[in-house]
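First the structure, in the form of structure tokens, and then the observations on it.
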Amino acid sequence: MSEPLLQVRELITAFDTEAGLVRAVDQVSFEVAKGQTLGIVGESGCGKSVTAMSLIGLLPQPMGKILQGEVLFKGRDLTRLKNSEMRKIRGNEIGVIFQEPMTALNPVHRIGKQIAECFLLHKKVSKKKAWESAIEMLRLVKIPAPELRAMDYPHQLSGGMRQRVVIAMALACRPDLVIADEPTTALDVTVQAQILDLIKRLQGEMGMAVMLITHDLGVIAETCDEVVVMYAGRVVERAPAAELFARPLHAYTRGLLASIPRMDTPRKSILPVIPGMVAALRDFVPGCRFCQRMGRDGATLRERPPFIQVAPGHWVEACPICYAATEL
Amino acid sequence: MMTPILSVRDLKVHFPVLGGVFSSKIGSVRAVDGVSLDIAPGETLGLVGESGCGKSTLGRAIVRLTDATAGSVSFDGRNITHTGPRGMRPLRKDLQMIFQDPVESLNARHSIREILEEPLIIHGVGNAASRAARVKELLDRVGLPASAQDRYPFEFSGGQRQRVGIARAIALKPKLIVCDEPVSALDVSVQSQVLNLLLELQREMGLSYLFIAHDLAVVKHISDRVAVMYLGKIVEMADAEEVYHRPKHAYTKALLSAIPEPEVNRDKKRILLEGDVPSPIDPPKGSAFGHRIRHHRYEETIGADLSLQELAPGHWVAADPCCLTPEDWALVSKEVPQLV
């Protein structure tokens, strides 16, 4: 792999709550290579969105804090930047796509103006040039009649069209990295297919890297080169996508894959399930948190299992119970 | 087919659109626009479609939470199309509903015991002691501890709340449950737990389900037959395997190809649709899907009868030249295939 574009090292993000500091992200490390797509998958509360917000300095304030770790983007540690410096990177070198386009767009401004703003803010161009570039972006994300649509307000567009506008804004300054947090979760399946196809096509044309955060393993399988599986604030497995789906090694990854009904699952059969649920943030044990969910007690709950590389690029949290080493 | 537990005929639910200075009626939303279906005892009919296709409105009209504009709904041999709330009360025992968001469908100020006991009290089932025993039994059946009964909905996770919603629905041993997106809001690992519970309850109690969802893999897993809805109409209905392995309607084919499957297969062919589902306020005059894909035969469908035809035994599909292969269209229309 060439020099990674983004390197996250031992990141710990905590929230100041009434119960004290609780760690939503607990020593998470991964890399995103230039032009590649990294998927981060996990269930609600696993820390995948908090990880993304930590990278781009959008943690809820004043509760959210990065306690430890580095986020190296093109060699600079983003955790050390001032807000003003971060603003120059966000929307310029790093584009962001959120789940709900209606909250990402300003309801009282025309969409053309909102996209043009990206150019005015980051690229020192005239207003006229910025407006023209905005229309060009709308054309790029396949919005029909972009000159007319640029005059619309967000509420005049459908959900899919709004998400296209958000993508146009995220990509306006030709970023090196796009962070997409559940970009298609609120959309219908046929519209989701359009949006995923659009992101993939633009990635091919512009060569940016994508960090895609989702709970949907199907979306991951269709779009990602590499996958990070998070559980309870930690990475439990990380592998190239083809490898992960063919040879999942952590009990959580296996359980998750087995519990999804597929087209060829025998109809009306009882699905394999992962029993129980994720513990509350403040109750997380220091050791293996999947053992905690399975109701085990003993040594594995006390000490954090090592994160080891078992095949080229295939890493797994090696809890003696949850890591199926025997299958290797 | 056995005598159906539920029979819906040409059901229409239109909502007025108000506008102008005097809030007069300026149009109508044709949420459900001529739907017919049957559900047999013990059967699950899956209903899939994208948002705004009218699937939830159809479910609500069936349980009489929304008034029908035209057509009929018969439940257990009785026509309930215009039965009022009082008339429905004895029937509620047999006809229940599970909602997508258990946060909104459970009264936040009632303890779980009160929530589960309420239907028993309303229907005069047993005395205080037997009701308390039944509440415990229900909690146990849906996999919640007996200690849950003194807690309140907000103290539970989404999956647990959905279990409470299911416990309430089965409290009176119903015959049919309309499930409106019961697992859509749940995490993957919890979703399979709830699906298993619904399957087990069906086996034990002989329940029928109308299972409404947008997730096709989930619907296929739980259903015996599947109906695909598009803009207020059912466009295809058949045995679940048949719909998934031999889809006939262009919309069903597009929906199926759009499902992301959790395995890496980069050669998969996608049918990418352009545009969005059209608005049910001013729907296209002819074939709604033909209009979306700008089919060259769209003009022919204006004013034509696009109702469901049985293309193969038990496999019903809209007689729509825009949405069928020329071969299937020839079968449906008995049109002589033209040599080009």
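Tabulated data
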{"read-out": "Scan of region B:284-313 for residues that are in contact (Cβ under 8 Å) with a residue 60 or more places away in the chain, buried (at least 17 other Cβ atoms within 10 Å of the Cβ) and within 21 Å of the chain's Cα centre (by Cα), ordered by number", "value": "B:Leu308"}
{"read-out": "Count - residues of region B:161-181 that are more than 15 Å from B:Asn107 (Cα to Cα), in contact with a Pro (Cβ under 9 Å, 6 or more places away or on another chain) and not aliphatic (A, V, I, L, M)", "value": "1"}
{"read-out": "Within region A:1-90, strands (runs of 3 or more DSSP E) holding 1 or more residues that are more than 16 Å from the chain's Cα centre (by Cα) and crowded, with 17+ Cβ neighbours inside 10 Å", "value": "A:4-17, A:20-33, A:64-73"}
{"read-out": "Complete set of residues in region B:238-275 that are over 21 Å from the mean Cα position of the chain (by Cα) and within 25 Å of B:Val29 (Cα to Cα)", "value": "B:Leu273, B:Glu274, B:Gly275"}
{"read-out": "Residues of region B:174-205 classified as more than 17 Å from the chain's Cα centre (by Cα), at the interface with chain A (Cβ under 10 Å from one of its Cβ atoms) and either assigned to a loop (DSSP other than H, G, I, E, B) or in contact (Cβ under 8 Å) with a residue 60 or more places away in the chain (or both), total", "value": "2"}
{"read-out": "Those residues of region A:153-195 which are more than 19 Å from the chain's Cα centre (by Cα), open to solvent by 20 Å² or more (accessible area, probe 1.4 Å) and within 16 Å of A:Lys113 (Cβ to Cβ), in sequence order", "value": "A:Tyr153, A:His155, A:Gln156, A:Arg162"}
{"read-out": "Enumeration of residues in region A:235-259 that are within 7 Å of another protein chain (Cβ to nearest Cβ), in contact (Cβ under 8 Å) with a residue 40 or more places away in the chain and surrounded by fewer than 21 Cβ atoms within 10 Å (Cβ to Cβ)", "value": "A:Leu257"}
{"read-out": "Residue satisfying condition, being free of Cβ contacts under 8 Å to residues at least 40 places away in the same chain and part of a helix (DSSP H, G or I), within set B:Leu65, B:Leu91", "value": "B:Leu91"}
{"read-out": "Residue ID - farthest from the chain's Cα centre (by Cα), chosen from residues in region B:206-237 that are under 17 Å from B:Asp38 (Cβ atoms) and at the interface with chain A (Cβ under 9 Å from one of its Cβ atoms)", "value": "B:Asp224"}
{"read-out": "Test result for A:Arg296, at the interface with chain B (Cβ under 8 Å from one of its Cβ atoms), open to solvent by 20 Å² or more (accessible area, probe 1.4 Å) and of a type in the set (Lys, Arg)", "value": "no"}
{"read-out": "Scan of region A:204-234 for residues that are more than 14 Å from every other protein chain (Cβ to nearest Cβ), part of a strand (DSSP E or B) and of a type in the set (A, V, I, L, M, F, W, C), ordered by number", "value": "A:Ala209, A:Val210, A:Met211, A:Ile213, A:Val228"}
{"read-out": "Test for B:Gly275: is it open to solvent by 20 Å² or more (accessible area, probe 1.4 Å), assigned to a loop (DSSP other than H, G, I, E, B), touching a helix residue (DSSP H, G or I) at 6+ places or on another chain (Cβ under 9 Å) and of a type in the set (Gly, Ala, Ser)", "value": "yes"}
{"read-out": "Residue identified as in a helix (DSSP H, G or I) and in contact (Cβ under 8 Å) with a residue 12 or more places away in the chain among B:Gln100, B:Gln162", "value": "B:Gln162"}
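Yes/no matrix, rows are residues, columns are (1) within 18 Å of A:Arg110 (Cα to Cα); (2) touching a Gly at 6+ places or on another chain (Cβ under 6 Å); (3) hydrophobic (A, V, I, L, M, F, W, C):
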| residue | (1), (2), (3) |
| --- | --- |
| A:Glu136 | yes, no, no |
| A:Glu147 | yes, no, no |
| A:Gln156 | yes, no, no |
| A:Ala168 | yes, no, yes |
| A:Gly233 | no, yes, no |
| A:Pro240 | no, yes, no |
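The values are calculated or read from the model by the stated rules, or taken from the named source; none is laboratory data. All figures in this text were calculated on a predicted structure; none of them were measured in a lab. Neighbour counts run over all protein chains shown; Cβ positions are idealised from the backbone, glycine included. SASA here: full protein model, heavy atoms, side chains in, ligands and nucleic acids out. Shrake-Rupley method; radii C 1.70, N 1.55, O 1.52, S 1.80 Å.
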